[in-house]
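The values are calculated or read from the model by the stated rules, or taken from the named source; none is laboratory data. Just so we're clear, the structure is a prediction, and the values are computed from it rather than from any experiment. Heads up, the Cβs are rebuilt from the backbone with ideal geometry, glycines too, and the neighbour counts pull from every protein chain shown. Please note that ligands, DNA and RNA were not included when accessible areas were found on the heavy atoms of the full protein model with its side chains. Shrake-Rupley method; radii C 1.70, N 1.55, O 1.52, S 1.80 Å.
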Amino acid sequence: MKKDRKASVGNKGDLTQGSPKRQSRRQFLVKTGGILAAGAFGAVPLRGWAADPINIGALYPTTGSMAQIGVGCVSAAKLAIEMINEAGGIKSLGGAKLNLIVSDVQSDTTVTRTETDRLITGNKLSAIHGCFASALTLIASEVCERAKVPIITGSSSDQLNKGRNYTFTPFARASQFAKAQLQMAKLVGDKPKVAVIFENTAFGTSTSNGLKELAPGEGVEIVMFEPYSAGFTDASPLINKVKASGANALFSVSYLNDLILIVRTVKQVGLNVAINGGSGGFVIPDFYKNVGKLAEGLQGVAHWNHDMSDDAQKVNAEYKKRTGEFLFEYAGGLVAQTFMLADALERAASADPQKVRDALSTLDVSKGYAAMAPGGKVKFGPDGKNVYGHPVGVQWQNADLASVFPDEDKRAPLMKT
Amino acid sequence: MWETLAQAVINGLLIGGIYALVSIGVTLIFGVVKIVNFAQGEFVMIGMYISFFLANQFGIDPIVSLVVSMPVLFVIGVLIQHFLIRRVLGPNDMPQIFLTFALSLLLLNLALMLFTANYRTVHTSYSDEAFHIGGLYIPVAKLIAFVVAMGLSGALWVFLHTTDLGKAMRAASQNPDVAMLMGINPNRVFCVALGVALALAGAAGSLLMPFYSAYPFVGQTFVLMAFVAVVLGTLGNVIGALVASLMMGVAESLGIQFVGADSGLIVVFAMLLLTLAFKPTGLGGGRAR
């Protein structure tokens with residue numbers, strides 16, 4: 001009883017007096033134990049460098065007229081980074097994780113210049129990827145060249161391979177797209193008679209001139225070559241002309257809205273021509289959403305497609321789970337690009353942009369996610385061009401894009417329309 | 001040869017019907033309220049988005065959604081007249097020009113913000129169908145749009161010529177001072193004119209939806225043609241605007257067919273210049289009707 005009371009009374013005193021002692025003892029144990037443990041297991045944080053994540057810059061138009069594609073690119077970039085980090089990061093750098101720093105270039109060339117500058121000066125970057133649209137990428141590439149930070153891009157402009165040392169283009173170039181389109185026309189019939197209609201803009205004129213120049217060499221006859229004013233209200237008179245030309249294939253160098261009108265009008269007229277819609281807006285899920293069943297059988301060209309390899313299909317499945325749509329050309333290529341950067345970082349064993357650039361220039365892959373390109377091989381030439389790069393011919397089949405050309409990349413037979 | 005020509009004329013007439021709905025609205029506002037509505041194209045755009053969302057959310061056919069888009073735009077028209085245009089009516093034209101131009105910019109950018117720049121299409125069972133007669137074809141969706149557009153234009157003519165309100169509108173357009181002396185309330189008449197004009201723009205939007213994509217800039221494509229038609233058919237002349245729109249549709253189509261696919265508008269503007277040179281008041285004979 002007495003003892004109990006004493007104990008209970010003295011409780012307070014015991015606590016106030018005893019606790020500093022106990023705490024210091026605990027602290028002592030924690031400290032010594034910690035140091036002992038650190039010594040025993042060689043705790044990584046003490047060395048300082050491996051915990052630093054490797055910064056990768058991403059320049060995409062996530063607002064403005066190209067926002068939809070830009071947002072898709074960012075989701076794909078994040079997916080790729082997660083895949084690399086979950087697989088253990090960059091092993092030669094002690095498992096360092098990749099860190100994506102996204103910057104919105106707002107579909108605008110001026111903003112692209114300032115954002116690229118800001119991204120490079122404000123962060124310690126190892127490399128950059130961007131910007132989807134060639135017009136934007138050209139500017140970002142200029143800034144990167146000056147800052148000596150490597151940039152890897154899926155943009156197709158041949159300009160990107162001229163006089164540049166830090167710019168890498170693992171996919172087909174614009175000049176190769178025209179050739180592939182012409183070769184695809186020969187799949188449709190032995191004597192392809194092609195009608196080329198193009199919007200009278202820089203994009204339309206340069207692309208169609210490329211087609212015109214290469215056609216004789218490919219044995220393709222162009223029976224109609226006609227510019228039209230972009231953003232017309234009615235495609236009927238134009239399609240009337242195509243009908244009169246006797247063409248059996250139609251190449252339309254157009255943006256989405258005009259192309260939708262053209263495709264619908266061809267159907268209404270009951271004209272039997274194989275339509276090739278080229279690249280860009282034609283090979284994204286939105287095109288099928290707008291055109292619906294009429295898109296079935298339509299052909300195009302792309303620098304990447306989600307059915308090309310098992311790896312591509314795996315990434316596609318994951319992307320589809322996250323966004324509900326298939327992994328489109330540019331975003332898919334972007335996943336491959338991120339793995340190419342990881343490969344370069346691994347071999348460089350350094351986050352220094354100059355060393356990453358040197359490692360990229362000697363990249364040579366033929367398997368894994370980094371090799372997800374038509375042909376399945378990536379190796380950069382002195383101009384930063386993938387020496388194995390070529391486009392893949394695609395066709396809308398059952399609400400999906402199937403690779404149908406060339407034979408080495410073919411995953412489905414060409415559907416005759 | 002005649003087949004190509006006939007087809008070109010058919011194509012032109014069909015699209016001309018849509019131009020007519022837009023230009024009648026512009027000419028009606030000019031005739032009655034004496035202002036140029038630069039935002040008319042944006043109201044076509046609003047009509048298209050109304051039809052798009054009704055079709056997308058509730059599966060309502062765009063043609064049927066006329067019964068929604070027209071009243072909604074009528075009310076918008078009345079509100080715009082009552083709260084905005086009424087305040088800038090006066091001897092000076094500049095505030096009116098700035099007002100409708102600002103309205104156009106505002107609506108356009110609002111649409112960009114709310115709906116993004118993406119193209120939206122509605123796919124109906126008749127969107128891709130066409131009647132084939134001999135070697136000619138007539139797209140069903142455009143034929144429906146043309147017939148409804150002509151019906152609405154006819155209804156407007158009947159309204160202007162047989163009802164008291166219509167007659168009051170014509171009176172106000174011919175001589176506003178005398179009309180006021182006769183006991184016509186100008187603001188009420190102006191409100192109705194704006195309402196009717198915007199309802200026509202809304203109708204044009206709904207009728208376009210089965211075969212054209214909606215996007216924020218869509219109105220700009222149509223409003224240019226509408227302005228040419230309004231000048232060609234004499235400012236303020238409803239019948240003139242209708243006839244001129246159909247003519248322009250045909251001229252554009254023939255231009256694309258026989259001059260070049262990027263020269264359709266050249267023929268249209270050559271027609272405008274020639275008309276202005278020889279008949280400066282327009283084909284309507286300079287009378288607002």
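Over all directions, the average projected area of the alpha-carbon convex hull for chain A comes to how many nm²? Don't skip to the answer; put the middle values down first.
Numbers: hull surface 116.2 nm².
So the mean shadow area of the Cα hull is 29.1 nm².
Quick check: with the 1.4 Å probe, what order do B:TYR119, B:TYR215 take by accessible area, largest first? List each step's numbers first, then the result.
Details: B:TYR119 60, B:TYR215 25 Å².
Sorted by accessible area, descending: B:TYR119, B:TYR215.
Nearest 10 degrees, 0 to 90: what angle lies between the long axis of helix A:134-147 and the longest principal axis of chain A (Cα atoms)?
Its long axis makes an angle of about 40 degrees.
If a/c stays under 1.5 just call it rounded; otherwise compare a/b with b/c (prolate if a/b is bigger, oblate if not). Do that for segment B:22-218, with a ≥ b ≥ c from the square roots of the Cα gyration tensor eigenvalues.
Working: a/c = 2.48, a/b = 1.52, b/c = 1.63.
Taking the square roots of the gyration eigenvalues as a ≥ b ≥ c, segment B:22-218 is oblate.
With a ≥ b ≥ c taken as the square roots of the eigenvalues of the C-alpha gyration tensor of segment B:72-173, please select rounded if a/c is under 1.5 and otherwise prolate if a/b is larger than b/c or oblate if it is not?
On the way: a/c = 3.02, a/b = 1.38, b/c = 2.18.
Oblate, since a/c reaches 1.5 and b/c is not below a/b.
Got the relative contact order for segment B:22-218 handy, in percent, Cα pairs under 8 Å and 6 or more residues apart?
Numbers: 281 pairs, mean separation 90.8, N = 197.
Across segment B:22-218, relative contact order equals 46 percent.
Rounded, prolate or oblate, given the Cα gyration tensor of the protein assembly as shown, with a/c below 1.5 counting as rounded?
On the way: a/c = 2.73, a/b = 1.55, b/c = 1.76.
The shape class here is oblate.
For chain A, modelled as a GNM with alpha-carbon contacts under 10 angstrom, which of A:GLY89, A:GLY300, A:GLY154 fluctuates the most?
Comparing A:GLY89, A:GLY300, A:GLY154 in the GNM, the peak value goes to A:GLY89.
Only counting protein heavy atoms at a 1.4 Å probe, give the residues of segment B:184-220, ordered by number, whose accessible area falls by 20 Å² or more when the other protein chains are present relative to the chain alone.
SASA drop of 20 Å² or more in segment B:184-220: B:PHE211, B:TYR212, B:SER213.
For the pair B and A, how large is the buried accessible area, both sides, in square angstrom to the nearest 100, if the probe is 1.4 Å?
Values: alone 13160 and 19690 Å², together 30110 Å².
Answer for the B-A pair: about 2700 Å² buried.
Need one value: the accessible area of A:ASP117 in square angstrom, 1.4 angstrom probe, rounded to the nearest 10.
70 Å²
Take the solvent-accessible surface of the protein heavy atoms, probe 1.4 Å, and return the percent of it on segment A:279-417 that carbon and sulfur atoms account for. The partial results should precede the final answer.
On the way: 2650 of 5250 Å².
For segment A:279-417, the apolar C and S fraction of the accessible surface comes to 51 percent.
Under a 1.4 Å probe, what is the accessible area of segment B:22-218 per residue, stated in Å²? Numbers along the way, then the final one.
Values: 8230 Å² over 197 residues.
For segment B:22-218, the solvent-accessible area averages 42 Å² per residue.
Quick check: the angle from helix A:174-188's long axis to the longest principal axis of chain A, C-alpha only, nearest 10 degrees?
60 degrees
Compute a Gaussian network model of chain B, connecting alpha carbons closer than 10 Å, and tell me which residue from B:PHE53, B:PHE38, B:PHE222 fluctuates the most.
Residue with maximal mean-square fluctuation among B:PHE53, B:PHE38, B:PHE222: B:PHE53.
If you line up the long axis of helix B:40-58 against the longest principal axis of chain B, both from Cα atoms, how many degrees apart are they, to the nearest 10?
Once rounded, the angle reads 60 degrees.
Rounded to the nearest 0.05, what FRET efficiency do B:ILE266 and A:LYS91 have when you use their Cβ-Cβ distance and R0 = 51 Å? Mind dumping the intermediate values first?
On the way: r = 65 Å, r/R0 = 1.28.
For R0 = 51 Å, the calculated efficiency reads 0.20.
Rounded to the nearest 500, what is the 222 nm mean residue ellipticity of the protein assembly as shown from helices alone, with -39500 (n - 2.57) per DSSP H run of 4+ residues and division by all residues?
Details: 23 runs with 396 residues, N = 706.
Helices in the protein assembly as shown give a 222 nm mean residue ellipticity of -19000 deg cm²/dmol.
For a 22 Å ceiling on Cα separation, which of these pairs sit above it: A:LYS267/A:LYS410; A:LYS124/A:LYS355; A:LYS179/A:LYS385; A:LYS148/A:LYS385?
Values: A:LYS267/A:LYS410 27 Å; A:LYS124/A:LYS355 14 Å; A:LYS179/A:LYS385 17 Å; A:LYS148/A:LYS385 18 Å.
Over 22 Å apart, Cα to Cα: A:LYS267/A:LYS410.
Probe radius 1.4 Å, ligands and nucleic acids ignored: give me the carbon and sulfur share of the accessible area of segment B:22-218 as a rounded percent. If you can, show how the numbers build up before the last one.
Details: 5880 of 8230 Å².
Result for segment B:22-218: 71 percent of the exposed heavy-atom area is carbon or sulfur.
Which of the aspartates and glutamates could a cross-linker bridge to A:LYS314, judged by Cα under 20 Å and excluding same-chain residues fewer than eight apart?
Those aspartates and glutamates meeting the cut-off are A:GLU82, A:GLU86, A:GLU325, A:GLU329, A:ASP343, A:ASP400, A:GLU408, A:ASP409.
Could you provide, to the nearest whole Å², the per residue accessible area of segment A:84-139 with probe 1.4 Å?
Values: 2380 Å² over 56 residues.
Computed with neighbouring chains in place, this is 43 Å² per residue.
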